[in-house]
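Take a look at the structure below.
The values are calculated or read from the model by the stated rules, or taken from the named source; none is laboratory data. Remember, predicted model here, so these are calculated numbers, not experimental data. Virtual Cβ from ideal backbone geometry, glycine too; neighbours counted across all protein chains shown.
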Amino acid sequence: MPLAGGNTTGAVLIDGVVHKRASPWTPTVHALLRHLAAAGFDGAPRALGFDDQGREMLTYLPGETIGDRQPWPGWATADDMLVQVGHWLRRVHDLTADFVAPPGEQWFIRGTMRPGLIVGHQDVAPYNAVVDGQRLVGFYDWDIAGPSTREFDLAFAMLPWVPLTSPDDGTPVSADDLDERSRRVHLLLDAYGYDGDRRTFATVIPQRARGQAAVIRRMADAGDPAAVAILFIADRLERSAGDIDALPDGFWTR
């Protein structure tokens, strides 16, 4: 059975197991998932190796997903879900701070593990979430996971969950909406237990958004059909980066 969603790699469910096209970095991601499983973490799929077609096999996280639905369901904007996302991110970051990558490690976002870094999911968004009622089960689609700072992974999560993405129609965000977005930024960071200078996100989030957009454009220029199909996301990320640059300093402080 084909699974809904997935802009870059299709997935099918066969006898309760997810089968997806493998990539050069899949063995490293599987090592990461085994590391999380060994720590008792159940908010991510478990790696089951590869099938006879060379596709990766993963356990299936049961629950509700957004798939291709528009508009998104109410849980995507609920405060309680945002708090759970913060808790989930903190748990993953803490558990991966001591991850030892296998020989020949390879990540979609490149780079290597070194002291001071964590392994971020790098695409913690509602469209990758699995929920059961109002409970966050976890996140699937670990293809672009990779080593980074905590702030780098948090930055992307803020774009869709707060949200800090700009309206598609270019409508300016009202003062009341800005206050609400600031409140939700701090709600997420409080749930995470972030104790650094929150003004750093005024720089990190636009950098992350522009970097993600650049990757999409580079892949599209190389002829990747999946990247061509999501060029609108690159546009949205670049527009959002500009709007975040213009936020007042008080947005990030309390």
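Annotation note: of Ala175, Ala155, Ala213, Ala125, the sole residue that is within 28 Å of Pro62 (Cα to Cα), out of contact with any strand residue (DSSP E or B) (no Cβ under 8 Å at 6 or more places or on another chain) and either of a type in the set (Lys, Arg) or surrounded by fewer than 22 Cβ atoms within 10 Å (Cβ to Cβ) (or both) is Ala125.
Counting only strands (runs of 3 or more DSSP E) that sit completely within the range 41-138, those holding 1 or more residues that are closer than 27 Å to Ala22 by Cβ and charged (D, E, K, R) correspond to 56-59. Filtering Glu180, Glu238 for residues that are modelled with pLDDT of 95 or more, acidic (Asp, Glu) and buried (at least 17 other Cβ atoms within 10 Å of the Cβ) leaves a single hit, Glu238. Restricting Arg90, Arg110 to those that are touching a residue at least 24 places away in the same chain (Cβ under 8 Å), in contact with a Lys or Arg (Cβ under 9 Å, 6 or more places away or on another chain) and assigned by TED's automatic domain parsing to the domain that holds Glu151 reduces the list to Arg90.
Contact annotation: residue pairs with Cβ atoms under 8 Å, 6 or more positions apart or on different chains, pairing a residue in the range 29-45 that is under 21 Å from Ala129 (Cβ atoms) and outside the structural domain of Ala145 (by TED's automatic domain parsing) with a partner that is hydroxyl-bearing (Ser, Thr, Tyr) and surrounded by fewer than 21 Cβ atoms within 10 Å (Cβ to Cβ), are Pro45/Thr59; Pro45/Tyr60. The single condition among (1) modelled with pLDDT of 95 or more; (2) surrounded by 13 or more Cβ atoms within 10 Å (Cβ to Cβ); (3) more than 23 Å from Met81 (Cα to Cα); (4) among the aliphatic types (A, V, I, L, M) that Ala227 does not satisfy is (1).
Candidates are the residues of the range 1-26 that are of a type in the set (A, V, I, L, M), outside any loop (DSSP other than H, G, I, E, B) and closer than 22 Å to Ile230 by Cα; the one that is modelled with the lowest pLDDT is Ala11.
Does Val204 fit the bill of being at pLDDT 95 or above and either surrounded by 13 or more Cβ atoms within 10 Å (Cβ to Cβ) or more than 24 Å from Ile109 (Cβ to Cβ) (or both)? Judged against the criteria, Val204 is a match.
The criterion of being over 24 Å from Pro27 (Cβ atoms), among the polar types (S, T, N, Q), surrounded by 15 or more Cβ atoms within 10 Å (Cβ to Cβ) and in contact (Cβ under 8 Å) with a residue 24 or more places away in the chain does not hold for Thr96.
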